[in-house]
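This report refers to the structure that appears directly beneath it.
Quick note: the coordinates plus some simple rules give every number you see, no bench work behind them. Model, not experiment: these values are computed from the prediction.
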Amino acid sequence: MKKLTKREEEIMNHYWEHGAMFIKELQELYDEPKPHVNTLSTMVRTLEQEGYIGHEAFGGTFRYFPKVSREEHKKQGLSGYIRNYFNNSYRDVVSQFVKDEKISIEELKEIIQLIEKEQS
């Protein structure tokens, strides 16, 4: 799956938070000035082509729903980032966090203890 644009992610956040909706319902979630229905419809159909959204037909209209959970999206994004910027090495990611002082050695030890506890 491709990386979502800011607007696409905004749409997905609405679907993740509110579940299945018609385009008009999606439009109502926006502040003024609201995006045009045709604009939202085009973006939702693009997200559907990318596999993020599905639909069910109700007469001549569609109700759209998320096919990918927020958690799946986060995992895919993180995996892609690590693959592209850290040569698919999770160890290098953690090492970078330590170098940048984003995580301490003590915190790493705590994480290891938590993992060992969960695996036993």
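Quick notes on this one:
- Rounded to whole Hz, the Karplus (6.51, -1.76, 1.60) HN-Hα couplings of the range 81-91, x for glycine and proline: 4, 5, 5, 7, 10, 10, 6, 6, 10, 5, 4
- Reach of K67 by Cα under 24 Å, taken over lysines that are not fewer than 8 positions away in the same chain: K2, K3, K6, K24, K75
- Structural size metrics of the range 1-104, computed from C-alpha coordinates, are Rg and Dmax of 17.4, 58 Å.
- Under a 5 Å amide H cut-off, with hydrogens placed 1.01 Å from N, V68 pairs with nothing among residues at least 5 apart or on other chains.
- Part-to-part distance (alpha-carbon centres) for the range 53-67 and the range 19-49, which is given in Å: 12 Å
- Per-residue ³J(HN,Hα) for the range 9-24, Karplus 6.51 cos²θ - 1.76 cosθ + 1.60, θ = phi - 60°, Hz, x for Gly and Pro: 5, 4, 5, 4, 4, 4, 5, 5, 7, 10, x, 4, 8, 7, 4, 4
- Across the chain, the relative contact order, built from alpha-carbon pairs under 8 Å that are at least six residues apart, equals 20 percent.
- Each residue of the range 26-42 was assigned a 3J(HN,Hα) from its phi angle through the Karplus curve 6.51 cos²θ - 1.76 cosθ + 1.60 (θ = phi - 60°); the sequence is 4, 4, 5, 6, 8, 6, 6, x, 6, x, 5, 4, 5, 5, 4, 4, 4 Hz, with glycine and proline shown as x.
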